[in-house]
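Asks: Could you have a look at this structure, given as structure tokens, before my questions?
The values are calculated or read from the model by the stated rules, or taken from the named source; none is laboratory data. Small disclaimer: the values here were computed from a predicted structure and weren't measured. Quick reminder, even Gly has a Cβ in these numbers, built from the backbone with ideal geometry, and neighbours come from all protein chains shown. The accessibility values were calculated without ligands, DNA or RNA, using every heavy atom of the protein model including side chains. Shrake-Rupley method; radii C 1.70, N 1.55, O 1.52, S 1.80 Å.
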Amino acid sequence: DSNFFDEFPLPVCEYVTACELSNTVQSKLGDANFSMVHVNCRGLYTNFQNLNTLLNSLSFIVPVIAVTETRTTSDSETNYNIPAYNFEVKSRTHKSGGGVGLYILNNIAYKMRDDLIFDLPDVFESVFVELVSLNIIGGCVCRSPNSDLALFNARFDTLLSEINCSKQRCYIASDFNINLLKYEEHESTANYVNCIFSHSFFPCINKPTRITTSSATLIDNIITNACFEQTINPAIIYSDISDHL
């Protein structure tokens, strides 16, 4: 009963421009020492400049930037460094597409958490780090569209259980390709929602993140086990690329 999600104050996110967010974020941050941006970049080779433009338009420094669909290769990973950040990237090796990465501010001590990485070709890929000085685990996950959702749920359940054993605050940014707006009518999506709630993880985004002329889906998110009363209100920034704070 104590984990029943209807009793938990889930956040209400907003659609904002980068400028609007910059005008309000400083007062909301207060004493907080962590923020995270997720960008579904749809290819760094295409949108790397757009990513830099977005970051330059923010009036605050983001400690961790998660990127999905990097579409990098082992030969191109070093082409996408951002000044003042270290880049930990996991490129897809067996075919093109996919890829996940974390840009970590270079004054933050961190270590790789390879014990938490869970990869399965054509199903999902991930990268995890521990921000030592902040005692925070940060991760980035990408689940391939139309892949086995039951298999993903089983592996993700094990991952969240392992993270909770560490008793650390955790933020996982992801292109889950799981439309949370359909959880009441799609059994596997409902199983995913039940999985994260059962481990006291909650989605920060509750509005569509990918909108076309014919559809609106909520497939990108940041989930966390942090108490929302102590975190900044999440927002969805619309620019040339999909991004979520």
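Asks: Between Lys95 and Val132, with labels modelled 7 Å along Cα→Cβ, what's the label distance in nm to one decimal, could you check?
Replies: Placing both labels 7 Å along Cα→Cβ, they lie 4.0 nm apart.
Asks: Then there is this: Calculate, in nm to one decimal, what Lys182 and Ser76 gain on full extension: separation in residues at 0.36 nm each, minus their alpha carbon distance.
Replies: 34.5 nm
Asks: Heavy-atom accessible area of Ile205 with all protein chains present, probe 1.4 Å, nearest 10 Å²?
Replies: Surface accessible to solvent at Ile205 totals approximately 0 Å².
Asks: Could you give the nm distance between label points at Lys111 and Asn206, where each point is 7 Å from its Cα heading toward the beta carbon?
Replies: 3.7
Asks: Moving on to the next point. Take the Cβ-Cβ distance between Ser59 and Asp148 as r, set R0 to 41 Å, and report the resulting FRET efficiency rounded to the nearest 0.05.
Replies: 0.45
Asks: Then there's this: As a test of reading the structure, rank His38, His199, His94 by solvent-accessible area (1.4 Å probe, protein chains only), most first.
Replies: His94, His199, His38
Asks: Show Tyr45, Tyr85, Tyr183 ordered by accessible area, largest first, where the area counts protein heavy atoms only and the probe is 1.4 Å.
Replies: So, going from the largest accessible area down, we get Tyr45, Tyr183, Tyr85.
Asks: Roughly how many Å² of Asp157 are accessible to a 1.4 Å probe, to the nearest 10?
Replies: Its heavy atoms expose roughly 60 Å² to the probe.
Asks: Shifting gears a bit: Nearest 5 is fine: what % of DSSP beta bridges in the chain come out antiparallel, could you say?
Replies: Bridges in the chain that DSSP calls antiparallel: roughly 70 percent.
Asks: Under 5 Å between amide hydrogens, which residues at least 5 positions from Ile136 or on another chain qualify, with H placed 1.01 Å from N in the peptide plane?
Replies: For Ile136, whose amide H was placed from the backbone, the distant partners under 5 Å are Leu131.
Asks: Let me ask something else about it. So what's the back-of-envelope 222 nm ellipticity for the chain, counting only DSSP H runs of four-plus at -39500 (n - 2.57) apiece and dividing by all residues, rounded to 500?
Replies: -7000 deg cm²/dmol
Asks: Which value, in Å² and to the nearest 10, is the accessible area of Arg155 when all protein chains are kept and the probe is 1.4 Å?
Replies: 90
Asks: On a 1.4 Å probe surface of the protein chains, which of Ser74, Ser174 comes out largest in accessible area, and what is the full order?
Replies: Most to least solvent-accessible, the answer reads Ser74, Ser174.
Asks: Please list 3J(HN,Hα) in residue order for segment 154-171, calculated via the Karplus relation 6.51 cos²θ - 1.76 cosθ + 1.60 where θ = phi - 60°; whole Hz, with x for glycine and proline.
Replies: 5, 6, 5, 4, 5, 4, 5, 5, 5, 5, 5, 5, 7, 6, 10, 5, 9, 10
Asks: Restricting to segment 57-193, what percent of DSSP beta bridges are antiparallel, rounded to 5?
Replies: If I count the DSSP bridges inside segment 57-193, around 75 percent turn out antiparallel.
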